[in-house]
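Notes for the one structure printed next.
What follows is calculated from the coordinates using simple rules that are stated; it is not laboratory data. Everything quoted here is computed from the prediction, not taken from an experiment. Counting neighbours? That spans all protein chains shown, and the Cβs are built from the backbone with ideal geometry, glycine included.
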Amino acid sequence: MRSRELPRVSRRRCCSVVRPASERPGSSRSSPPRPPATAPSWHSAVVSLLAAAGAEADARGLPVAAPGRTETVDRIRTAAKSLATGAPVWLAYEQWVRAELQRAEGRDTPPVWSEAVTAFEPLERPYDLARVRLRLAESLLTAGGEDERDRAAELLRLALAVADHLGARPLAESISLLARRARLVLARDQEPAALTHVDQVKALGLTSRERDVLRLVAAGRSNRQIAEELFISPKTASVHVSNILAKLSVSGRGEAAAVAHRLRLFALPEAPAAQATG
């Protein structure tokens with residue numbers, strides 16, 4: 001076989017590395033959407049590898065997913081190596097699989113996803129490029145920093161434009177969800193969700209990030225849950241909570257939540273109207 005010829009492999013061979021649905025955490029979730037296409041056998045194999053790697057990555061952190069993770073990731077990595085070729089399109093998918101596996105192991109970084117984006121940019125595969133841009137944006141937001149947020153916002157705008165153009169609604173929803181979680185504005189006509197009684201919040205001396213944290217504290221979130229929603233570390237979340245308690249002159253999270261609710265710092269869903277009796 002020539003060095004740049006795409007390998008002919010069966011999809012069954014690569015599907016063998018995927019955990020059975022009954023053993024895969026979150027198996028009820030739909031797999032990542034992909035546009036319909038008649039693909040050669042190598043592409044079908046790569047799609048199977050990506051689905052397997054993505055499933056392991058999405059389940060990272062779930063205790064039930066830990067048994068068998070290392071072995072499964074190793075099998076996926078070995079199968080990917082067996083498909084290796086010098087063709088640019090394969091190099092792009094190989095980098096994508098590698099990045100997903102590192103995400104499954106909890107060690108993916110922005111440079112890893114940036115390489116995947118760079119590999120897809122010269123190819124005429126806008127849907128897949130949008131998907132790896134989404135992953136890069138997520139990684140940048142996890143890393144934190146204003147420069148990273150600005151770059152993530154631009155990546156999400158590009159990905160959303162493609163998703164809308166292709167009518168890829170699940171992908172568009174994933175992009176919009178990430179933007180909302182990170183409080184990023186993707187369109188000029190969008191405005192961030194407004195807080196009520198902004199003047200009262202300012203009077204308390206809370207920063208924008210501390211307001212975000214207080215909102216989640218008032219909703220009963222733990223430091224780890226706050227960290228996950230705001231793309232910060234649990235340690236940073238703990239520091240924010242301590243600062244909030246000091247600024248509100250309260251001794252605990254419950255008191256802080258009570259202050260937030262008493263001052264109606266955040267909008268609450270309206271209670272249903274009571275039925276008239278008589």
Label-point separation, Glu71 to Lys235 (7 Å along Cα→Cβ), nm: 3.5 nm
Using just the alpha carbons, could you tell me how many Å³ per residue the convex hull of the stretch 119-192 encloses? 90 Å³
Dipole moment magnitude, nearest 20 debye, the stretch 198-262 about Cα centre, only Lys, Arg, Asp, Glu C-beta charged: 60 debye
Roughly what percent of Cα-Cα pairs across the stretch 198-262 reach past 20 Å? 16 percent
Under a point spin-label approximation (7 Å from Cα along Cα-to-Cβ), what is the Ser176-Glu146 distance to one decimal in nm? 3.0 nm
Taking Glu210, Glu138 and counting other beta carbon atoms within 10 angstrom, the fewest-first order is Glu210, Glu138
